[in-house]
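Presented below is the structure to which this report refers.
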Amino acid sequence: MELLKIAFCRNLFKFLCFCRGLHSGVVVSTFALQLENPWFTSRLSRDLSAWSLHVLPVHAWVFSRVLRLPPTVQKYAEMAAPLTLLLVLAVTIRAALFRSSLAELIAERVEVVSPITAWKRVVEGLALLDLGVSPYSGDVFHETPLIIYLFHFVVDYAEITFMLADVITAVALYMAVKDYNKQVFRKQKFALEADRYPLDCLELIRSPKEMYYIPLKVAMFYLLNPFTILSCVAKSTCGLNNAVVALFIFSTIKGNTLLSAIFLCLATYQSIYPLTLCAPAMLYLMQRQYIPVNFRRASFWWFIAQYLFMYLGSLFVLICLSFFLLGSWDYMPSVYGFILSVPDLTPNIGLFWYFFAEMFEHFRLFFLCVFQINVFFYTIPLSVKLKEHPVFLIFMQLAVISIFKSYPTVGDIALYMAFLPVWSHLYRFLRNTFLVSCVLLACSTLFPVLWHLWIYAGSANSNFYYAITLLFNVAQILLVSDYFYAFLRREHHLTYGLYLKRKDGSEATLVLK
Amino acid sequence: MAAHRCCFPVWLFILCSFSLFIIAGSQETTVAPEQHASVLDNPQTAAETAEQTAGESGGVEERRWEGTEVRDAAAQKQAEPAVLQPTPQPKDDFQEELVVRPLHSGDIYASFQFRTLWETDFMRGNKVSHYRLFPKSLGQVISKFSVRELHISFTQGYWRTMQWGQPYLPSPPGAELWVWFQDSVTDVDATWKELTNVLSGIFCASLNFIDSTNTVQPSASFKPLGIGNVTDHRFLRYATLPREIVCTENLTPWKKLLPCGSKAGLAVLLKSEKLFHSSFHSQAVHIRPVCQDWQCKTTSWELRQTLNVVFDLHNSGQGKREWSLFKMFSRTLTEACPLASSSKIYIDITDNPEGEQFELSPATSLLSQAMVLGDRRTFSVYDLTQQDTFGSVRSLNLLIRWKSTEGDMLRPLLHAERYVAGYGLQTGEIHTLMYNHHPYRSFPVLLLDSVPWYLRLYIHTLTVTSKGKDNKPSYIHYQPSKDRVRPHLLEMLVQLPPNSVTEVTVQFERALLKWTEYTPDPNHGFYVGSSVISSLVPSTVAMDTNSTRERPLFSSFFPCKEESSYFVRVYTEPLLVNLPTPDFSMPYNVICLTCTVVAVGYGSLYNLLTRSFQIEEPSPGLAKRIANVIRKMRGVPPL
């Protein structure tokens, strides 16, 4: 099998047709390395494809040099120093926790692991496979076949894998945000040169100085967030999903349509909900390629068709690949049916478990549909409202998913919280930061306390824990809607000026009407 | 009118058969409706069939004599007169038997066995409708559901193996049902569902609670006990209801299946107020096809009804260690069941050869030996078909008076126990301990665990250790559970080293159920059925491998394939596991509160999505607004 090196071409259609006939392996985690170092690519891919030959019974894609990399390595090294320090620190913390007795305790916490992402269940799936039983014949294992396949080989290096996943997420977010900030700055410059901003809005203009540390802060927010650390130490596969989503964001912001579609497809395949990220990705890529969002334009529809074709094509390939890995479709109901129909009511930080434990039987299906549609529903109005700001739309979508999904864990929250530094210029418009942060902190500490009272001490009941999940979710909703409000308000001010006046000349207050 | 027309041939047939059966000395002759029809069609053939039947009965009678002689040889210590009338045997046969074993703990173990053998074929095309000794209700069940073997037991209390030794017929606490279906059954699950509902009606028990969530198909633990070497476990269904309470209402239908009911024979002793005032009570029905002769040329259906009871007389008997039939059952025996071909009481006197442990009265000179549970036991036998057994008072009241309280029981070679470890309502660990008390022999055991789905087992945490070392099972069959559909099934073959304890542990996670899935007393906990341990235990004496030889009923239940070992089934305790519970009182509150949170999310996003920022203008006063409305109506520009 020879490795194919294909220069990235604009015409992705041709590319797809060409690649279809190729036999190669795909390894998700190598992309980050490729991004870091262009020379690595060829050697690593060769090794990997040799490896994939032995282990992958089916054919998949390889993408050797799809990304265009920044010009100078020198510049990179300069900026990467604090990042490297951060990575070392994060890995040290994780490694220390892995070695401590806390690791087992954390791995049992319902806030950190859900029935879908629990490491115990991954191990159980592998054990079932060893016994010659299909992991999907039971109701313990709900990971996708690719996860089994991955851990079939790296189960002994699971800790390293999860730390690596976190590192990849952080690096991908770092670079994505860096690129995004550059674009924001460029746009702002154009707007300033075109005198599009009102004069009193200079306070709102962002300076390169304050934007300089934002990528690092994003990486720090992700890596040093206690939620992420807990999730990693519990070996929750949520970390892997986050890595895939981060890579998706990175490739989207870099403007790589194919990789964006492929990572989005991987994320969708892992847990259905990232499907809604399709809209911001398309909006962003169209914006980048100067395709107007206009239903009457052929170029608009052509781009949508292209993207969907790539997305659905790779989804098809993934699904078929999973079918061939185990030779059955059992994983479909066991993974996606499980996510959508919520049969496992193990407590978690979400809204589903107690609601459906207490639900009247004949209303169950109705509310199930309502709650699931609720997750996907916000995509359309948000895309319409935020069509000029797809990256903020991605943030909103991630937050909505992590609040309203059926089995949320703290790892999901950590992903959207990593974006908060990107919106640091909105702080002046936030209304209830103090309240929200207090509630989030208090709830995070109360989760284990009330869990202990209910499950171990027996002095509280399920309502206590449920009340805390409710409060936690209200706080998240407030946080997200506050950011949304602040973002809209800043946009309003950028158009109409910061110090608005009433008709009679007195100072005006803005209201939503 | 039709009845009138068929009257004559029917009478002819009845006369015909009656003359034949007078020779046979049969007790009753009834003619079923189907035979009416056949007689109507061809009376000639019917008469021939009747003749043929009589001839066959003669043949069976010949063989039975041989069997009886062998039995007599076994009990040859005393010259047994055995004056049996040379009666030609009908195709069915009924035997009853009571075994009493004084236990070393001071308790008394009484085991009733009633066996009905019927040489018929339920499965052939012709419908069986002529029932004599065999209960019709069960016969119809067998033919309707194509049952090959049916074993059902209802047990109250737990059999204490370490104090009482092995029971003759083991059974788990609660209800247990296992059925082998004929391989002609196409939809086994539907048949099983229907069968459990029918049996639920027959035995007045909650067997209708058996559904797919507590039914398993064991691959190795439950082999057919009758003839037939079907091993395709697709036709096997096994279910237990560990919570089932056994009571009088289960005993009454069980007694009705007996040919004599509770009117005569040993069954008169079965008075519920005494039977259920005991430490252990177990009643069972076993139906299986068995060989009639050594070469297995003819097969017959065996219905075995057993009732085992352990009375705690030592503690409740006013300090005196003595018991009698009257004390135990508040009845004495006056006659055997007239329909029974054999009716005997066995008293286990193996540990009392010289009468130093207890004194038995009235004394009997009849002794018998039997290989049972890997040991040669000696029994005093009371044959109820003999009039002199009842003596001059015309009633038999066996009495045992203990002389000494010492005595060692032979430790059972195989023994098991089980418990749940861990604290809290999140996780736990099931520990199963299996003891091999054999001093130098190791033997393999099959362990079967059926765990409900709401305890999610993690098979990767399974450990098997004996003597501190890892003991890898040579065979594991594991079927993971499906939520609300089927339970976990874990079967494994473990070699127990001599004189050791083998510990099997597996971790589980407790599920939170929907509020409607809890029992009415959710904080009582949920029962997990007993583990079943089946084993061939090395025997100290050579076992009897001839299955057709006449033996006491209690020693002939499990077929014995080889002389050096015997089959034992041990049930562990059922488990009672607590699950986390939701608050049952507030479904409305939860629905309202959760929906509120979703609405807060929806509402705040909706607000931001649909509204736009505007400058707040001070709203005009009320008077001005009213004036504006009026001005608008007048068509004048507002103020």
Checklist outcome for this item: Going through segment B:444-483 in order, the residues found to be under 25 Å from the mean Cα position of the chain (by Cα) and more than 8 Å from every other protein chain (Cβ to nearest Cβ) are B:Pro444, B:Val445, B:Leu446, B:Leu447, B:Leu448, B:Asp449, B:Ser450, B:Val451, B:Pro452, B:Tyr454, B:Leu455, B:His477
Next on the checklist: Would you confirm whether or not segment B:433-451 contains a residue that is of a type in the set (Val, Ile, Thr) and surrounded by fewer than 20 Cβ atoms within 10 Å (Cβ to Cβ)?
Outcome noted: no
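Given the criteria modelled with pLDDT under 95, facing chain B (nearest Cβ under 7 Å) and either surrounded by fewer than 23 Cβ atoms within 10 Å (Cβ to Cβ) or farther than 20 Å from A:Val110 by Cβ (or both), does A:Glu388 qualify?
No.
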Checklist entry - For segment B:108-126, how many residues are outside any strand (DSSP E or B) and either at pLDDT 85 or above or more than 23 Å from the chain's Cα centre (by Cα) (or both)? => result 7
Item to check | One residue from B:Ser585, B:Ser556, B:Ser564 being touching a residue at least 24 places away in the same chain (Cβ under 8 Å) and either at the interface with chain A (Cβ under 10 Å from one of its Cβ atoms) or more than 30 Å from A:Asp482 (Cα to Cα) (or both) | outcome: B:Ser564
Item to check | The one condition in (1) in contact (Cβ under 8 Å) with a residue 40 or more places away in the chain; (2) open to solvent by 30 Å² or more (accessible area, probe 1.4 Å) that B:Asp470 fails to fulfil | outcome: (1)
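Output yes when any residue across segment A:191-213 is touching a residue at least 24 places away in the same chain (Cβ under 8 Å), within 30 Å of A:Pro448 (Cβ to Cβ) and of a type in the set (Lys, Arg), and no when none is.
No, because not a single residue in segment A:191-213 is touching a residue at least 24 places away in the same chain (Cβ under 8 Å), within 30 Å of A:Pro448 (Cβ to Cβ) and of a type in the set (Lys, Arg).
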Item to check | Qualifying helices (runs of 4 or more DSSP H) (wholly inside segment A:317-413; at least 2 residues being within 20 Å of the chain's Cα centre (by Cα)) | outcome: A:338-341, A:364-377, A:379-385, A:390-404
Next on the checklist: I'm trying to understand the selection: among the residues of segment B:503-528, which are open to solvent by 40 Å² or more (accessible area, probe 1.4 Å) and either of a type in the set (Asp, Glu) or within 24 Å of B:His415 (Cβ to Cβ) (or both)?
Outcome noted: B:Glu503, B:Glu517, B:Asp521, B:Tyr527
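Each row is one residue, and each column tells you yes or no for (1) aromatic (Phe, Trp, Tyr); (2) modelled with pLDDT of 90 or more; (3) surrounded by 18 or more Cβ atoms within 10 Å (Cβ to Cβ).
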{"site": "B:Val128", "(1), (2), (3)": "no, no, yes"}
{"site": "B:Thr155", "(1), (2), (3)": "no, yes, yes"}
{"site": "B:Trp159", "(1), (2), (3)": "yes, yes, yes"}
{"site": "B:Gly165", "(1), (2), (3)": "no, no, yes"}
Checklist entry - Of all residues in segment A:502-512 being farther than 14 Å from B:Gly603 by Cα and at the interface with chain B (Cβ under 8 Å from one of its Cβ atoms), which is most open to solvent (accessible area, probe 1.4 Å)? => result A:Lys503
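So that you can scan it fast, the table gives a plain yes or no per residue for (1) surrounded by 17 or more Cβ atoms within 10 Å (Cβ to Cβ); (2) touching a strand residue (DSSP E or B) at 6+ places or on another chain (Cβ under 9 Å); (3) hydroxyl-bearing (Ser, Thr, Tyr); (4) not in a strand (DSSP E or B):
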{"residue": "B:Leu177", "(1), (2), (3), (4)": "yes, yes, no, no"}
{"residue": "B:Asp183", "(1), (2), (3), (4)": "no, yes, no, yes"}
{"residue": "B:Thr186", "(1), (2), (3), (4)": "no, no, yes, yes"}
{"residue": "B:Asp189", "(1), (2), (3), (4)": "no, yes, no, yes"}
{"residue": "B:Asp211", "(1), (2), (3), (4)": "no, yes, no, yes"}
{"residue": "B:Pro218", "(1), (2), (3), (4)": "yes, yes, no, yes"}
{"residue": "B:Phe222", "(1), (2), (3), (4)": "yes, yes, no, yes"}
{"residue": "B:Ile245", "(1), (2), (3), (4)": "no, yes, no, yes"}
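Against the condition of a type in the set (Gly, Ala, Ser), crowded, with 19+ Cβ neighbours inside 10 Å and assigned to a helix (DSSP H, G or I), how does A:Ala107 come out, does it pass?
no
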Checklist entry - Which of (1) surrounded by fewer than 18 Cβ atoms within 10 Å (Cβ to Cβ); (2) within 12 Å of chain B (Cβ to nearest Cβ); (3) under 24 Å from A:Leu393 (Cβ atoms) does A:Thr433 not meet, given it meets every other one? => result (2)
Next on the checklist: Tell me the residue from B:Ala264, B:Ala239 that is out of contact with any Gly (no Cβ under 8 Å at 6 or more places or on another chain), open to solvent by less than 20 Å² (accessible area, probe 1.4 Å) and under 27 Å from B:Phe329 (Cα atoms), please.
Outcome noted: B:Ala264
Checklist outcome for this item: Residues of segment A:205-231 being open to solvent by 30 Å² or more (accessible area, probe 1.4 Å), assigned to a loop (DSSP other than H, G, I, E, B) and modelled with pLDDT of 95 or more, in sequence order, are A:Leu224
Checklist entry - Do we have any residue at all in segment A:348-362 that's more than 12 Å from chain B (Cβ to nearest Cβ) and surrounded by fewer than 21 Cβ atoms within 10 Å (Cβ to Cβ)? => result no
Next on the checklist: Among the residues that make up segment B:434-441, is at least one of them away from chain A (no Cβ under 14 Å) and touching a helix residue (DSSP H, G or I) at 6+ places or on another chain (Cβ under 9 Å)?
Outcome noted: yes
Next on the checklist: Please verify whether A:Val112 is within 14 Å of chain B (Cβ to nearest Cβ) and either in contact (Cβ under 8 Å) with a residue 60 or more places away in the chain or open to solvent by 10 Å² or more (accessible area, probe 1.4 Å) (or both), treating the condition exactly as stated.
Outcome noted: yes
Checklist entry - When the residues of segment A:461-490 are filtered to those that are more than 7 Å from chain B (Cβ to nearest Cβ) and without any contact (Cβ under 8 Å) to a residue 24 or more places away in the chain, which remaining residue is most open to solvent (accessible area, probe 1.4 Å)? => result A:Phe464
Next on the checklist: All but one of (1) under 22 Å from B:Tyr238 (Cβ atoms); (2) within 12 Å of chain A (Cβ to nearest Cβ) hold for B:Glu509; state the number of the condition that does not hold.
Outcome noted: (1)
Next on the checklist: Kindly evaluate B:Ser564 against the criterion of being open to solvent by 20 Å² or more (accessible area, probe 1.4 Å), outside the structural domain of B:Thr516 (by the TED database) and either over 30 Å from B:Glu503 (Cα atoms) or out of contact with any Cys (no Cβ under 9 Å at 6 or more places or on another chain) (or both).
Outcome noted: no
Next on the checklist: Going residue by residue through segment A:374-391, is there one that turns out to be within 27 Å of B:Asp583 (Cβ to Cβ) and out of contact with any Lys or Arg (no Cβ under 9 Å at 6 or more places or on another chain)?
Outcome noted: yes
Checklist outcome for this item: Of the candidates A:Leu202, A:Leu150, the one satisfying the condition of being surrounded by 14 or more Cβ atoms within 10 Å (Cβ to Cβ) and away from chain B (no Cβ under 14 Å) is A:Leu150
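Please enumerate the residues belonging to segment B:478-502 that are part of a strand (DSSP E or B) and either open to solvent by 50 Å² or more (accessible area, probe 1.4 Å) or polar (S, T, N, Q) (or both).
Of everything in segment B:478-502, those that are part of a strand (DSSP E or B) and either open to solvent by 50 Å² or more (accessible area, probe 1.4 Å) or polar (S, T, N, Q) (or both) turn out to be B:Gln479, B:Lys482, B:Arg486, B:Leu493, B:Gln495, B:Ser500, B:Val501, B:Thr502.
The values are calculated or read from the model by the stated rules, or taken from the named source; none is laboratory data. All values reported here derive from a predicted model rather than from experimental measurement. Methodologically, a virtual Cβ is constructed for each residue, glycine included, from the backbone with ideal geometry; neighbour enumeration extends over all protein chains shown. Side chains are part of the model used for accessible areas, which takes the heavy atoms of the whole protein and leaves out ligands, DNA and RNA. Shrake-Rupley method; radii C 1.70, N 1.55, O 1.52, S 1.80 Å.
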